[in-house]
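The values are calculated or read from the model by the stated rules, or taken from the named source; none is laboratory data. Keep in mind the model is a prediction, meaning the values are calculated, not measured. Positions of Cβ are generated from backbone atoms using ideal geometry, with glycine treated the same way; all protein chains shown enter the neighbour counts. Keep in mind that these areas ignore ligands, DNA and RNA; they rest on the heavy atoms of the full protein, side chains included. Shrake-Rupley method; radii C 1.70, N 1.55, O 1.52, S 1.80 Å.
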Amino acid sequence: MFGQRASLRSGLTKTRQSFFGRITSLLRSSNITEDTWEELETLLIQADVGAKTALALVDQLRETAQANGVRNADQLQQTFQRNLVQALEAVARPYLPGERLLNVILVVGVNGSGKTTSIAKLAKYHKQRGDHVLIAAADTFRAAAIDQVKIWGERVGVDVIAHQPEADPGAVVYDAIQASRSRGANVLIIDTAGRLHTKYNLMQELAKIRSIAQKQVHQAPHETLLVLDATTGQNALNQAAKFGEMVGVTGVVLAKLDSTAKGGMVFAIANELKLPVLFAATGESVDDLAVFDPQAYVQGLFED
Amino acid sequence: MFESLADKIQETFRNLSRKGHLTDEDVQVTLRDVRLALLEADVNYRVVKDFTKAVGERAVGADVARSLTPAQAVVKIVNEELVRMLGEPAKLDLGGPPPAVLMLAGLQGSGKTTMAAKLALHLKDKGQRPLLVAADTYRPAAIAQLETLGKQIGVDVHSEGDKVAPPKICANALKRANKEGHTIVLLDTAGRLQINEELMAELEKVREATRPREVLLVVDAMTGQEAVAVADAFNQRIQLTGLILTKVDGDARGGAALSIRSVTGVPIKFMGVGERPSDLEIFYPDRLASRILGMGDMLTLIEKAQGQFDEEESKRIAEKMAKAQFDFEDFRSQMRKIRKLGSLEGLLKLIPGMGGMVEKLSQAKDHEKELNRTEAIINSMTMQERRQPKLLNPSRKERIARGSGVTLPEVNALVKNFEQMSRMMSQVMGGKKAKGMPQMPPGMKMPAGMGGMPGMPGMPGAAGAAPASRGLSKKTLAERKKKKLMKKQRKKR
C-alpha cells in the first residue's frame with residue numbers, strides 16, 4: 001500500500017514541478033491580491049480543470065477565505081487543498097463494496113485511453129489481494145487486441161478467455177462468465193473495444209454486453225470502470241457523461257498520470273457527474289496502479 | 001451539449017441594448033465568450049490569450065462598422081483569425097529519390113498504428129508502393145496489430161520481432177525498401193512520454209538512421225492543455241514537419257491542434273475520422289475552425305455526400321421521380337447510400353446549429369430499427385416487385401411479410417406510404433419548382449433514411465468516401481433535398 005502511494009506520488013512529481021507547483025509558489029508569495037485569484041484560475045485551467053470548474057473552485061476559495069478571515073498565504077493554501085480534497089471526497093466510495101461469489105468488472109473507454117494496460121494492472125491488484133481472477137477479451141474488433149491482452153495475462157499470471165477476432169463480444173462475455181463459474185474465479189474483468197462515446201451503435205453494443213453480464217450474474221457488472229487518459233481535456237466530461245448514460249459507469253480509472261498532464265478534469269467529473277475516481281495508473285509496469293486517494297492526490301499536487 | 005459560439009455571441013448582443021456599431025466595451029464583453037469557447041475546446045490558455053487579443057484589435061476596427069450585425073461581424077473575425085492561425089492545408093513531402101521515409105511519433109494511445117495503416121492505404125491508392133515498419137517493440141502485440149492491418153489493406157509490413165532495437169529495424173527496413181522497390185517507408189514508432197529521456201533519445205536515433213522526409217506527430221483530438229508541452233518537446237527532439245489529428249470523429253473540438261500549430265508552427269496535414277483504414281481526411285483549416293467554435297461542418301457533409309451520389313445517377317433518379325416511376329429498387333439504393341454517410345447523429349453534428357438536435361434525437365432511438373425493418377421488407381420483394389410496386393397483391397404482401405419477419409399491416413403501411421410519396425414527388429418534381437421545397441423546417445426531423453452504421457465490428461462498414469466528384473451543381477443539391485424530404489414523408493405514418 002505504501003509502495004502504491006509512493007508510486008502515485010512519484011508519478012505526480014512532474015506534475016508538481018509544473019502547474020500545481022506554481023500554485024504553491026503563487027500562494028506562498030506574500031499578499032493576496034486580485035491578481036492572485038485570477039492567476040489561480042489560470043493555473044487550474046492549465047491543469048485541464050476546465051474554465052467553469054476553475055472559476056467555481058476559485059470562487060469557493062474566496063468565500064471560505066473571507067469567511068474564515070484567511071490573510072496569509074500559507075493558510076490560503078491549506079484552505080485550498082482542503083477544498084480540493086473535499087470536492088473529490090464528496091463522491092468517493094470504496095471499490096467493489098459488499099461480497100459476492102463472482103465480481104464482474106466491466107472496463108470501458110475511448111480508443112487509446114489505456115484500457116488494456118489498466119486491466120492488466122487491475123488483474124495484478126486483485127491477484128495480490130488473493131483473488132482468483134479471469135479476464136474476458138471482449139475487444140474482438142481492434143487488430144491484435146486479443147493478443148495484447150493475452151500477453152498481459154501471461155505477464156501477470158491470469159487466464160484470459162478469448163474468441164477469434166471479429167467474434168461477438170457478447171458471446172465472449174457469456175463464455176467468460178461460465179468459465180469463471182466452472183473454474184471458481186471470484187473476479188472477472190471484461191476488456192472491451194475502445195469506442196468513441198459518440199458512436200451510437202458501438203455504445204449499443206456495450207449496453208448489450210452489460211445486459212448479458214446482468215442476466216448471468218446477479219447485479220452484474222458490479223463495477224463499470226471508465227478509463228480516462230489523464231492527458232484528455234474537456235472532452236473527458238462528455239466521455240464520462242455518455243458512457244455513464246449508456247452503461248452506468250460507477251467509477252473512473254485515471255490512466256497515464258505519469259505524464260505531465262494532471263487529470264484536472266476529475267474535479268469537473270466529480271462535481272458535475274458525481275463519479276468517483278477509484279484508481280490512478282502511473283506507468284507502464286503492472287505494479288503502477290494505486291487505489292485513488294484524494295488526500296494523497298491533492299497533497300501530491302502541492303508538495304514541493 | 002455544445003452551444004455554438006455564434007449562438008452565445010448572439011445571446012450576448014441581445015443583452016446589449018444598443019445595436020449597430022461595436023464599441024470597445026462591446027468587444028470586450030464578446031471576447032469573454034470567445035475566450036470561454038476556446039478554453040472549452042481545449043485551446044491552450046496562452047494561445048487563447050494571444051488569440052483574443054488579436055481578435056480584439058481587429059474587432060474595434062473599421063470592418064465591423066460596415067457590417068450587418070455586430071454579432072455576425074465578431075464571429076466572422078473570430079473565424080477568419082482561427083483559419084489564419086490554423087494555416088494552409090499542407091501536402092506530404094514525397095520529393096527526392098525514393099523511398100521517402102515518413103516517421104510517426106506521439107504519446108501512447110494517440111493512434112499512431114491505425115494512422116500508419118491509413119496513410120499507407122492513402123498513398124497506395126495514389127499509386128505509391130508503401131512499406132509499413134513495425135518499430136514499436138514495447139507495447140504488447142503492437143507488431144501483430146500492424147501486421148493485421150497491413151494484410152487488411154494489402155501493404156507489406158517489415159517487422160523483426162520485439163528483440164531488435166527500433167533504430168536498427170528502421171534502418172533494415174530502408175534497405176529492404178530499396179531492394180524491393182518500395183517508394184514509401186512508413187515508420188510506426190512506439191508511443192512515449194515526451195519526458196522519457198531514454199525513449200526520446202531512441203526516436204532521435206531512428207531519425208538519424210532513416211533521414212525521414214516527414215516527421216509527423218500524431219495527436220489525439222481530445223488532448224487537453226498539455227498538448228503544447230508534448231508537441232514542443234517532440235519538435236525540439238526530432239524536428240517535426242507535420243501534425244496529424246486523430247479521433248476527430250468524436251465530439252472533441254480539437255483545440256489542441258490550434259495550440260500546437262501556433263506554438264510549434266508545424267502544419268497540420270491529416271485528420272483521422274474513424275476506425276477503418278479509409279477513414280482519413282485531408283486537413284482543411286476552415287472546417288477545423290468551425291469545429292473548434294462548435295459551428296458544425298457543412299463542407300464535410302457535402303463532401304461525404306459527393307462520395308456517395310454521382311451526378312449522373314441523381315439526374316436519372318430525378319427523372320424517374322418526375323414521371324412517378326420511382327420504384328422500390330431506387331428507393332433501396334438511395335436509402336443505402338444515405339445510410340453509408342454515417343450515423344444520423346454524426347450527420348447532424350456537421351450541420352451548423354444542429355448540435356443541439358443530436359441530444360434530442362438520441363432520445364428517440366428507434367429510427368435505426370425502423371430503417372432496418374424497412375430495408376428487410378424491400379429485400380424480401382422480388383426484383384420484379386421492386387421495379388413494379390403495382391404487382392404487390394395481398395398474396396405477395398403476405399409472402400413478403402413472412403419473408404421479412406414483419407406483420408402484413410407493416411408491409412401495407414410501407415407500400416401505401418411509398419405510393420403517397422411517389423405521387424407527391426412527381427407533383428413536386430414535375431415542374432412546379434416555384435413552390436419551393438421546404439428548407440428543412442425549424443425543429444425538423446431529419447430524414448429517417450439517415451440511419452447510421454459507423455463501422456460496427458463485423459459489419460460491412462461503409463466503403464469509405466470515394467474520390468469526390470467536384471462541383472456539385474445547385475440542381476443536384478436540390479434533388480438531394482427532395483430525396484431527404486421524401487424519406488421524411490415516408491416516415492410520417
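For the reader, a short list of remarks on this structure follows.
- Working note: Cα gyration tensor of the range A:129-288, eigenvalues times five, square-rooted, sorted largest first, giving semi-axes of 25, 19, 16 Å.
- Pairwise FRET efficiency - B:Lys126 versus B:Gln152, Cβ, R0 = 25 Å, nearest 0.05: 0.85
- For the range A:238-304 versus the range A:90-123, the spacing of their alpha-carbon centroids is 12 Å.
- Loop-located trypsin sites (Lys or Arg not before Pro) across the range B:121-218 with a Cβ neighbour count of 13 or fewer within 10 Å are B:Lys126, B:Lys163, with loop assigned by DSSP.
- Principal axis dimensions, the range B:84-138 - Cα atoms, whole angstrom, descending: 36, 32, 19
- Debye intensity ratio in log₁₀ form over the Cα atoms of the range B:100-295, taken at each q of 0.08, 0.15 Å⁻¹: -0.23, -0.84
- Summarising the label geometry, the points placed 7 Å from Cα in the beta-carbon direction at B:Gln236 and B:Ala90 lie 2.0 nm from one another.
- Extending 7 Å from the Cα toward the beta-carbon at both B:Ala376 and A:Glu89 defines two label points whose distance is 5.5 nm.
- In terms of its C-alpha gyration tensor, the range A:208-273 has a prolate overall shape, because the principal axis ratio a/c (a ≥ b ≥ c, square roots of the eigenvalues) is not below 1.5 and a/b outweighs b/c.
- Using the Cβ-Cβ distance between B:Gln388 and A:Lys274 with R0 set to 60 Å, the FRET efficiency works out to roughly 0.50.
- Whole-Hz ³J(HN,Hα) from phi, Karplus 6.51 cos²θ - 1.76 cosθ + 1.60, for the range B:245-255, glycine and proline x: 9, 10, 6, 6, 7, x, 9, 5, 8, x, x
- By average C-beta atoms within 10 angstrom, highest first, the peptides B:222-229, B:29-36: B:222-229, B:29-36
- For chain A, a Gaussian network of Cα nodes joined below 10 Å ranks A:Thr36, A:Thr53, A:Thr224 by mean-square fluctuation, and the top entry is A:Thr36.
- Here's how it looks for A:Val252: its modeled amide H is under 5 Å from those of A:Leu226, A:Val277, A:Leu278, A:Phe279, which are all 5 or more places away or on a different chain.
- Residue pairs exceeding 25 angstrom between C-alpha atoms, taken from A:Lys199/B:Lys49; B:Lys320/B:Lys416; A:Lys150/B:Lys369; B:Lys112/B:Lys269: A:Lys199/B:Lys49; A:Lys150/B:Lys369.
- For A:Asp48, distant residues with modelled amide H under 5 Å away: B:Gln225
- Pairwise burial B:A, computed as accessible area of each alone minus the pair, summed, 1.4 Å, Å²: 4200 Å²
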